[in-house]
Amino acid sequence: MSEPLRTPEEPTPATPRVLPRDKAPRFPGGPAADPAGSHHERRIRSFQPRRSRVTTGQGEYLERLWPVWGFDIDGLRKIDLGEMFDGLPVVLEIGFGMGEATAQMAADDPATGILAVDVHTPGQGNLLGLAERGGMSNIRVANGDAIILLREMLEPEVLDGLRVYFPDPWPKARHHKRRLIQPEFLSLAATRMKPGAVLHCATDWEDYAEQMLEVLDAHPDFENTVEGGGYAPRPAFRPLTRFEGQGLDKGHVVHDLLFRRVGHSG
């Protein structure tokens, strides 16, 4: 990922046809199904890889743009974010769905690099296409387990921010242990965030929002940016997505949490 940024060729228009699962392309040179061999690591996971329903257009973007703007989280090497983003401050986004909000934030703030991580192949292809069509060179797409990225591939205190928007709520009580925002995750994330960097979470699941607030309030490496504590108003830089708008129309309540990484004492 140390190559200088180069502008891909313009895509050939394609009919947005959905490919059946058994005929989905393998994307030579594209995202791997299991880049870190994660089935060998015994750890409760907060995600499930999804590689179905890739359109022909998304497939073309993956085949053509992945070698330029994408990489697999294999856990085998350290990555130089300064080189990857040409010196821009970098925010890590874990889970971006189809990438519309990510692309909008990148367009609104070209002076910030966004390292977007997901395991959803159609979303990876869609975000690559949005980045190219919008001329956004400040996006990189990573495929795989964000825990391995944080633990094995990032140096300490390199992130200027961390975003976790609408993570899988794992609504059944027996699955709550799979939720991403847990004390162990926060301890790891804190080591990769610069002092003063902000962790921004958002969810429309009330009990998950309560859990997030509880574990963040209790964690010694983070402090609430809201005076007096509690949830934060949705900041203007987080776009209101169509999915979120539909939820709001149904009466869902979205909670934003913005917590600052506390600097080391002494």
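The values are calculated or read from the model by the stated rules, or taken from the named source; none is laboratory data. Note that the structure is a prediction, hence the values are computed from the model and not measured. Cβ atoms come from the backbone with ideal geometry, glycine included; neighbour counts cover every protein chain shown. To get the accessible areas, we keep the full protein, side chains included, count just its heavy atoms, and leave off ligands, DNA and RNA. Shrake-Rupley method; radii C 1.70, N 1.55, O 1.52, S 1.80 Å.
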Each label point is 7 Å from the Cα along the Cα-to-Cβ direction; what then is the distance between the points at A232 and D249, in nm?
2.9
Distance-filtered residues of segment 208-227 - backbone nitrogen under 18 Å, label point 7 angstrom along V262 Cα→Cβ:
212-227
Could you please state how large a percent of the accessible area of segment 96-139 is carbon and sulfur, counting protein chains only and using a 1.4 Å probe?
51
Label point distance in nm, E63-T241, each placed 7 Å from Cα along Cα→Cβ:
2.7
If I take R0 = 25 Å and measure r between the Cβ atoms of R151 and E206 in this structure, what FRET efficiency does the formula 1/(1 + (r/R0)^6) give, to the nearest 0.05?
0.25
Solvent-accessible area per residue for segment 160-266 (1.4 angstrom probe, square angstrom):
52
Gain upon complete extension [E83, K194; 0.36 nm per residue less C-alpha separation]:
38.2 nm
